Amino acid sequence: MSTIRLIVGLGNPGPEYQHTRHNAGAQFVENLASTYSIPLKFEAKFFGFTGRGTISGQDLRLLIPTTFMNLSGKSVSAICQFYKVGIDEMLVAFDELDFDPGIAKFKVGGSSSQNGIKDIVSQLANQRDFLRLRIGIGHPGHKSKVTAHVLSKASSEDQAKIDAAIDEASRCIPILFEQDLVKAQQRLHSFSPE
């Protein structure tokens with residue numbers, strides 16, 4: 001596992017989407033920025049909000065794209081090219097339909113039906129072996145309901161679980177940096193918000 005230099009949180013721009021399930025990844029990066037006092041500011045050349053800071057002695061950048069979700073790769077590829085960030089030096093956080101609220105997991109590579117991840121993979125020449133943080137938002141039960149589900153706000157009970165999983169994932173970043181991915185996975189994957 002290479003050193004992580006960039007952490008990306010996916011979401012949709014604008015106040016109407018700010019607290020929707022689809023913005024769980026962006027909420028994670030906002031949590032990190034707040035916890036580690038990393039100011040985020042809009043940078044047009046990266047199509048997003050970005051900041052630079054240190055976590056556990058590791059110099060890194062945070063990014064929240066301000067493109068819509070299905071164009072996230074435009075923002076990610078711009079910052080990766082500018083700072084020469086390798087595919088194995090990036091962590092991307094996003095909402096995961098296949099996990100219940102309160103569950104979050106680290107994973108390297110693989111496929112994804114999530115539109116932001118699909119666009120990042122296509123913009124990065126089909127390279128998919130980057131570290132991912134999948135934040136559970138639950139599934140509405142039928143694919144015809146998915147769009148409305150991800151673009152709406154979670155119930156207060158589910159949101160509390162999502163927030164708890166995001167907090168725990170933030171606490172696992174120093175473990176990732178100071179120890180390794182396996183240790184961070186062991187802690188995060190055993191977390192229960194109950």
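Taken together, the values in this text are just the output of simple stated rules run on the coordinates, not laboratory data. Predicted model, so just to flag it, every value in this text is computed and none were measured. Every residue, glycine among them, receives a Cβ derived from its backbone with ideal geometry; neighbour counts consider all protein chains shown.
Could you list Ser156, Ser34, Ser170 so that the one with the fewest beta carbons within 10 Å of its beta carbon is first and the one with the most is last?
Neighbour counts put them in this order, fewest first: Ser156, Ser34, Ser170.
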Exercise. What ranking of Arg128, Arg134 emerges when the number of other C-beta atoms within 10 Å of each C-beta is taken as an exposure proxy, fewest first?
Worked result: Arg128, Arg134
Problem set entry | Cα-derived Rg over Rh, computed across the chain with Rh taken as Kirkwood radius | 0.93
For this session: Give, as a single signed number, the net charge of other residues whose beta carbon lies under 15 Å from the beta carbon of Gln18, with Lys and Arg counted +1 and Asp and Glu -1.
Result: -2
Exercise. Using Cα pairs under 8 angstrom and six or more residues apart, how large is the relative contact order of region 19-114, in percent?
Worked result: 25 percent
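Would you calculate, for the chain, the mean residue ellipticity at 222 nm contributed by helices, counting each DSSP H stretch of 4 or more residues as -39,500 (n - 2.57) and dividing by all residues, to the nearest 500?
The per-residue figure over the chain is -11000 deg cm²/dmol.
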Seminar exercise, completed: Of Gln179, Gln159, Gln114, the most mobile residue in a GNM of the chain (C-alpha springs, cutoff 10 Å) is Gln179
For this session: Quote the relative contact order of the chain in percent (integer), defining contacts as alpha-carbon pairs under 8 Å separated by 6+ residues.
Result: 25 percent
Exercise. Going by how many other beta carbons lie within 10 Å of each one, how would you line up Val146, Val8, Val92, fewest first?
Worked result: Val146, Val92, Val8
